[in-house]
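**Student:** I have a structure I would like to understand better, so I am pasting it below and will then ask my questions one at a time.
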Amino acid sequence: MRKEFEKFIFDRLKKRGEAVSFDDLYRPLAKQVTKKELDRWLEEQGRQGKIINTGRGYIIPKGGSEFTGKVVSVKKTFGFVRSDEDGSEYFVAGRYLNGAMPGDSVTIQTYIGRDDKTEGRVVEITEQKFSRFTGNIVNEFGELKVVPDSLSRCAMTIEDSDGYELREGDKVLAEISRRGETHAEHRCKILMSYGSSLKASACALSVLGLNGLTPIFPPEVIDNAKKVSDYRAISSEIPARLDLRDTPIFTIDSASTKDIDDAVSVEKTENGYRLGVHIADVSFYVRPKTHLDKEAFKRGTSVYYADRVIPMLPPELSNGICSLNPNEDRLAFSALMELDRNAEIVSYKFVKTVIRSRVKGVYSEINELLEGYNAKALCEKYAEVMDMLPVMKELAEKLKGNRIHRGAPQLSTTESILIIDENDYCIDVKPHESGLSQEMIEDFMLCANECAAKFGAENGLPFVYRVHENPPEDRLEYLKTGLTELRIPFNFDDGGAKPKQLSEILEWERGTDRFPVVNNLVLRSMAKAKYSPEPLGHFGLVLGDYAHFTSPIRRYPDLAIHRIMSDYLAGMTPDELGMRYGEFSAEAADQATQTEIIAMQTERECEDCYKAEYMKSKLGDVYEGVIVSCVPHGIYVMLDNTCEGMIRLDTLPYPDYFYDEAFSVKRVGKGPVFTVGKRIMIQVVKADVSSGNVDFEYCGEAEEDKR
């Protein structure tokens with residue numbers, strides 16, 4: 001009898017040629033098998049790859065193939081596997097991951113799934129890699145288990161709590177201690193408990209722990225830092241350096257900054273301007289292959305979140321002897337640049353110096369002075385550099401004008417300021433507003449970075465460049481589709497889009513309701529900036545040469561090129577430098593790119609937790625916001641305070657709303673259309689601190705006078 005119903009099912013699936021629901025398969029067989037028996041049999045056939053459950057029903061796999069790949073991500077109900085052969089990524093439904101974890105090497109079988117798209121099924125796990133994950137403690141029938149933040153929806157059994165007194169709702173870091181055939185069958189060990197998952201600071205610590213980030217340095221690194229932090233060495237080093245202590249030099253940062261690694265000096269000359277960018281000489285203290293250097297290389301970058309920092313270097317250096325604190329002698333590596341009256345760089349030189357910053361400038365205070373608010377207290381504080389400010393402003397305006405004239409796209413990005421109280425709760429979120437002094441310092445740093453890259457390229461040095469390649473072809477197609485949908489004219493030739501063309505599109509739409517859409521389109525069309533041992537140019541800045549020179553306290557690539565440039569200035573030839581640093585520069589570029597990606601993801605995830613914590617105190621409140629993106633399952637809305645949340649499609653006024661695969665959610669009948677860039681009213685209905693997700697409900701269109 002079993003063979004007969006098996007033959008019936010296979011014949012039916014072959015004949016239909018499309019997904020058949022469970023009920024359609026069971027109905028003709030109701031007298032022969034129970035639902036439980038049929039379900040078990042279908043599951044068994046699925047494990048063998050003979051039948052596939054697409055989510056909409058069952059099919060016989062066809063048009064597929066087998067290949068090897070790596071699991072790149074696993075979410076609650078699905079994952080993605082990247083092919084080893086061509087880098088293509090394939091969607092894998094959760095039921096067909098077969099317990100695979102991120103980083104695992106697998107054999108995958110493809111099939112034609114829903115919407116005629118190629119999907120995959122993990123046939124075999126050939127190498128196990130992933131181990132650690134974060135999650136929340138739950139009480140399941142009297143037993144404490146871990147529900148992973150991603151990986152699966154199933155609570156995982158705890159084999160070893162490592163002595164932690166766990167409570168329901170705790171945020172933990174765990175690792176797989178024993179694998180099962182499915183995610184639900186895996187077993188885990190608790191590595192760390194951070195406290196309540198309802199508190200953003202605990203959730204942020206779990207994100208840091210998962211990524212191996214800690215403010216604590218190994219004892220040998222601290223010992224190394226203390227030994228090199230000998231302030232007497234500054235005096236003994238002065239005779240070998242250009243002494244700029246009599247030059248009016250000062251720093252400009254936020255009021256809370258402690259790791260100050262850049263200072264500036266500007267003066268007007270007969271032919272234009274003399275710009276000095278003076279950078280902490282970190283390479284003097286962090287020598288190759290020392291404990292300090294190895295730890296800095298491993299970390300790659302400092303990580304900033306909320307009101308905290310995970311530094312690349314121990315505080316003895318980052319906040320101490322390397323920080324360009326006011327009225328203290330400091331060793332620096334200076335870029336001294338001559339610019340003409342149009343602010344074009346005429347010449348430059350790099351030299352080891354000793355400086356003495358006149359004052360710790362604060363962005364907000366400098367902005368007030370530049371705007372003409374000359375309060376007595378501020379004038380007294382900045383007395384030694386007041387005459388420099390108008391010249392700095394004049395030069396910065398010309399540099400910005402040159403950048404715009406080159407065609408560099410002026411993209412808008414949204415940054416946030418999190419206000420944390422004494423109890424470590426986020427009590428407010430505000431948009432970060434960049435004033436004239438921030439833009440001024442940024443333009444001066446760009447000059448120094450450009451000159452550093454020219455120095456490396458022109459002298460044939462092994463180097464670490466900051467590169468930004470042309471938009472990839474697939475992303476450019478996405479941009480073209482979007483612009484066509486919006487009926488915005490463009491004329492990209494066969495060579496791809498030029499920066500100036502993107503800049504013109506942005507400026508044409510700036511100030512309109514459509515600008516957020518266009519800005520996001522252009523932003524998503526860009527390649528990711530990265531580090532490279534080759535000078536590939538910088539598309540976004542429209543520069544042939546660019547490197548990161550100005551932040552060696554917090555970025556390893558800057559420290560790396562300081563070291564190479566220092567040895568060249570000390571007399572080493574390019575060939576000798578190639579032997580010493582050729583392999584190092586490539587390794588440093590790759591490591592810096594990877595650690596930067598981790599840092600950015602970590603900062604974003606931590607920020608989301610804090611924002612959700614703040615919005616949880618606003619449940620029921622009504623706000624105005626702008627639609628920033630539409631997806632098949634909902635609408636993302638950003639509030640004016642930069643907090644973001646989702647309106648789920650199933651909460652909209654009518655049940656037949658659909659995503660138009662472009663920029664809108666709409667319905668066939670009458671009703672409001674939700675388009676990216678449109679301002680609407682929302683109510684906060686849910687905020688999950690652990691995931692950083694916030695849910696909104698639609699309340700109506702925004703008032704016209706608020707648009």
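**Student:** Stretched out fully, how many nm does the piece from C379 to N459 gain, at 0.36 nm a residue minus the Cα gap?
**Tutor:** Gain on stretching C379 to N459: 24.4 nm.
**Student:** Roughly what angle does helix 35-47 make with the longest principal axis of the chain, taking Cα atoms, 0 to 90 degrees, to the nearest 10?
**Tutor:** 50 degrees
**Student:** Then there is this: I597 versus N491, label points 7 Å from Cα toward the beta carbon: distance in nm?
**Tutor:** With each label point 7 Å from Cα toward Cβ, the separation is 3.8 nm.
**Student:** Is there a pair in K294/K349; K393/K454; K298/K360 whose C-alpha atoms are over 27 Å apart, and which pairs would that be?
**Tutor:** Those over the limit are K294/K349; K298/K360.
**Student:** Contact order normalised by length for the stretch 470-526, with contacts defined as Cα pairs under 8 Å and 6 or more residues apart; what percent is it?
**Tutor:** It comes to 51 percent, rounded to a whole number.
**Student:** What is the mean projected area of the alpha carbon convex hull for the chain, to one decimal in square nanometres?
**Tutor:** It is 37.5 nm².
**Student:** Could I ask something else about it? Can you give the convex hull volume per residue for the Cα atoms of the stretch 618-706, as a whole number of Å³?
**Tutor:** Cα convex hull per residue, to the nearest whole number: 95 Å³.
**Student:** Taking the Cα centre of the chain as the origin, how large is its charge dipole in debye, to the nearest 20, when only Lys and Arg (+1) and Asp and Glu (-1) carry charge on their Cβ atoms?
**Tutor:** Roughly 1920 debye, rounded to the nearest 20.
**Student:** Peptides 167-173, 281-287: what's the order by average Cβ count within 10 Å, highest mean first?
**Tutor:** 281-287, 167-173
**Student:** Between rounded, prolate and oblate, where does the stretch 66-127 land on the alpha carbon gyration tensor, with a ≥ b ≥ c its root eigenvalues, rounded for a/c under 1.5, else prolate if a/b exceeds b/c?
**Tutor:** Oblate.
**Student:** Treat each spin label as a single point 7 Å out from the Cα along the C-beta direction, and report the Q410 to S236 distance in nm.
**Tutor:** If labels sit at Q410 and S236, their model points lie 5.2 nm apart.
**Student:** If the viscosity is 0.692 mPa s and the temperature 37 °C, what Stokes-Einstein diffusion coefficient in µm²/s follows for the stretch 291-368 when Rh is the Kirkwood radius over Cα pairs?
**Tutor:** My calculation gives 209 µm²/s for D.
**Student:** Which of rounded, prolate or oblate describes the stretch 498-613 when judged by the alpha-carbon gyration tensor and an a/c cut-off of 1.5?
**Tutor:** oblate
**Student:** Moving on to the next point. Going by a 4.7 Å Cβ-Cβ cut-off, which cysteines of the chain have no partner at all?
**Tutor:** C154, C188, C322, C379, C426, C447, C451, C606, C630, C643, C699
**Student:** So for the stretch 663-707, considering every pair of alpha-carbon atoms, how many percent are separated by more than 17 Å?
**Tutor:** Counting every Cα pair in the stretch 663-707, those more than 17 Å apart make up 49 percent.
**Student:** Any chance you could give the angle, 0 to 90 degrees and rounded to 10, that helix 556-569 forms with the longest Cα principal axis of the chain?
**Tutor:** For 556-569 against the chain, the angle is about 40 degrees.
**Student:** So if each residue of separation counts as 0.36 nm, and I subtract the Cα-Cα distance between K268 and D421, what length gain in nm does that give?
**Tutor:** Answer, rounded to one decimal: 50.6 nm.
**Student:** Another question, then. Could you rank the peptides 352-359, 368-375 by their average count of other C-beta atoms within 10 Å per residue, with the highest value first?
**Tutor:** Descending mean neighbour count gives 352-359, 368-375.
**Student:** Name the lysines eligible as straight-distance cross-link partners of K400: C-alpha to C-alpha under 18 Å, and not fewer than 8 places from it in the same chain.
**Tutor:** Once the sequence-local lysines are set aside, what remains near K400 is K268, K500.
**Student:** Please state the shape class of the stretch 112-215: rounded when a/c is under 1.5, otherwise prolate if a/b exceeds b/c and oblate if not, all from the C-alpha gyration tensor.
**Tutor:** Prolate, because a/c is 1.5 or more and a/b exceeds b/c.
**Student:** Kindly provide the helix-only [θ] at 222 nm of the chain, computed as the sum of -39,500 (n - 2.57) over DSSP H runs of four or more divided by all residues, to the nearest 500 deg cm²/dmol?
**Tutor:** Taking each H run of at least 4 residues, the total per residue is -10000 deg cm²/dmol.
**Student:** Between helix 436-458 and the chain, what is the angle of the helix's C-alpha long axis to the longest principal axis, kept within 0 to 90° and rounded to the nearest 10?
**Tutor:** Taking Cα atoms only, the helix is inclined about 90 degrees.
**Student:** Further, regarding this structure: Could you order peptides 19-26, 598-605, 690-697 by the average number of other Cβ atoms within 10 Å of their residues, highest first?
**Tutor:** Ranking the peptides 19-26, 598-605, 690-697 by packing returns 690-697, 598-605, 19-26.
**Student:** Could you give the Stokes-Einstein D for the stretch 470-526 in µm² per second, using the C-alpha Kirkwood radius, 25 °C, 0.890 mPa s?
**Tutor:** Value of D from the Cα-based Kirkwood radius: 218 µm²/s.
No lab work stands behind these numbers, since they all come straight from the coordinates. Computed from a predicted model, the values in this text were never measured in an experiment. Counting neighbours? That spans all protein chains shown, and the Cβs are built from the backbone with ideal geometry, glycine included.
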